[in-house]
Ligand code: BG6
């Protein structure tokens with residue numbers, strides 16, 4: 001089977017202004033991602049990329065190019081040499097900007113726009129710490145850089161309802177909503193997008209995607225990494241804001257939405273936001289907060305820190321499709337495996353024809369549809385078959401679809417790459433709307449006001465034991481039920 005490539009017009013000519021150009025995200029994802037888009041022939045015909053940072057960490061154009069070259073070598077998929085790299089490198093320049101002195105940036109953007117010629121579009125990507133969003137947006141407004149421009153804003157968008165509302169007000173004073181792209185790179189992942197195809201293109205799945213057939217849903221994103229030296233960011237943020245509000249709730253929106261009238265941005269975002277409106281406010285008693293042993297000794301972490309590095313929670317969606325179906329979400333650092341998995345668990349058939357069916361172990365669990373959305377991703381249906389032999393004994397079986405085996409990958413884009421391309425094309429379908437993010441902070445409010453203390457867990461484990469109690473009488477799909485998954489050995 002081969003992927004059908006939809007021929008697509010390249011985006012209009014652009015000047016991309018990358019704030020936080022010397023930071024971690026730019027180095028790991030954005031600079032390698034922009035180069036990958038260029039190599040895939042997906043960048044505009046004419047474009048320039050202007051890096052920016054405060055004057056204290058300003059670079060010359062040459063230094064910025066060397067910085068990008070190192071980033072592509074370390075984190076990119078292609079060589080940073082040869083004519084293609086040289087042509088890309090020639091598009092890079094740097095302009096420092098402090099709130100009181102944005103002139104170097106204005107000069108660099110002016111020069112880049114003249115070099116492109118013909119009135120290119122401007123896309124400002126705010127890859128800066130959340131505490132700097134408001135001041136950069138205000139500066140864009142004051143200097144006129146915002147005029148006609150689009151803006152990509154990183155996450156987390158606010159830290160609670162009040163701050164998200166205030167940030168939306170600041171942003172809307174400068175950009176109307178049609179030019180705002182609140183990014184969540186999970187929604188750019190192929191297999192998350194594929195949830196829409198799986199659900200709405202298939203008569204096999206669409207009719208059973210509801211409370212009548214599904215007993216519970218899990219969205220599980222354990223990570224093996226710790227905080228990777230990001231103590232400052234993590235102490236302020238914690239796993240609930242960093243992963244759950246930002247990524248897992250967005251995936252939940254895709255899993256739970258009603259069929260949209262179209263896949264256009266307006267319809268898709270409306271349906272996702274309707275799911276958020278129907279979400280039950282989080283009950284702190286249904287949230288387990290954990291912290292890995294050793295976290296408090298990490299450099300830069302408060303020795304008495306109550307920041308969570310693990311969250312497991314139960315929520316529900318109060319609408320006719322999902323009433324009474326628990327949604328269990330879990331994510332944490334320093335856990336036993338890195339996985340990104342949605343699993344839908346089906347009710348058992350009403351008639352018990354198999355009295356010998358095991359009460360424990362994999363055969364007891366019955367049917368599940370599992371979507372692994374870590375790149376490149378796969379989907380598996382788990383069901384029961386008869387074990388060969390004279391007795392009617394059941395054993396678990398699986399049908400798999402694997403992206404990596406079925407499609408040529410050379411144009412497969414990473415989440416960030418796909419979303420930057422969408423922003424250049426002006427397509428907001430996979431970006432979060434202002435009211436959507438505000439509603440997510442609203443449902444989070446009871447937890448944020450009254451969090452239970454963190455419970456310790458050993459690094460390399462699956463979090464505090466309370467997470468098992470939370471999901472009872474069900475079980476987490478990972479790791480036991482997933483022992484033979486294609487991705488189960490992934491470090
Ligand atoms: C980021 C979080 O948004 O997503 C990180 O800040 C997390 O803490 C990362 O590790 C996971 O993303 P990926 O690219 O590994 O799927």
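I need the fraction of alpha carbon pairs in segment 144-295 separated by more than 23 Å, rounded to a whole percent. Percent of Cα pairs beyond 23 Å in segment 144-295: 49. Note on residue 267 and residue 404: their simple-model spin labels are 3.5 nm apart, each label 7 Å out from Cα toward Cβ. PRE reach from residue 114 (point 7 Å along Cα→Cβ): which of segment 50-86 fall under 13 Å by backbone N? No residue passes the distance filter.
Stretched out straight at 0.36 nm per residue, the stretch from residue 208 to residue 147 would grow longer than its current Cα-Cα span by 17.2 nm. What angle, in degrees between 0 and 90 and rounded to the nearest 10, separates the Cα long axis of helix 415-425 from the longest principal axis of the Cα atoms of the chain? On a 0 to 90 degree scale, this one is about 50.
Taking all pairs of different Cα atoms in segment 138-228, averaging 1/r and flipping that mean, what Kirkwood radius in angstroms comes out?
Mean inverse Cα-Cα distance, inverted, gives 17.1 Å.
Going by neighbour counts of Cβ atoms within 10 Å, the residues 432, 224, 246, 60 line up, fewest first, as 60, 224, 246, 432.
Can you give me the angle between helix 434-449 and the longest principal axis of the chain, using Cα atoms only, in degrees from 0 to 90, rounded to the nearest 10? For 434-449 against the chain, the angle is about 60 degrees.
Each peptide among 122-132, 81-91 gets the average number of other Cβ atoms lying within 10 Å of its residues, and from highest to lowest they stand as 122-132, 81-91. The separation of segment 436-491 from segment 320-347, counted between C-alpha centres, amounts to 8 Å.
Centroid-to-centroid, using Cα positions, segment 21-86 and segment 249-287 are 35 Å apart.
For residue 40 and residue 319, the difference between the fully extended length at 0.36 nm per residue and the C-alpha to C-alpha distance is 96.2 nm. Computed extension length for residue 397-residue 62: 114.9 nm, one decimal, from 0.36 nm per residue of separation with the Cα-Cα distance subtracted.
Here is the P(r) of segment 63-187: all C-alpha pair distances, binned every 10 Å from 0, give 11, 36, 35, 17, 2, 0 in whole percents. The alpha-carbon atoms of the chain define a convex hull whose volume equals 157 cubic angstrom per residue. Summarising the strand pairing of the chain, around 55 percent of its internal DSSP beta bridges are antiparallel.
Here r is the Cβ-Cβ distance between residue 480 and residue 304 and R0 is 30 Å; the resulting FRET efficiency, rounded to 0.05, is 0.30. Scaled against 2.2 N^0.38 Å for its residue count N, the alpha carbon radius of gyration of segment 315-468 is 1.38. A Förster radius of 25 Å, combined with the Cβ-Cβ distance separating residue 172 from residue 445, puts the computed FRET efficiency at roughly 0.70. Against the main long axis of the alpha-carbon atoms of the chain, helix 103-116 sits at an angle near 90°.
Coordinate-derived values only; no laboratory data. Note that this is a predicted model, so its numbers are computed, not measured. Glycine gets a Cβ as well: all are built from the backbone with ideal geometry, and neighbour counts include every protein chain shown.
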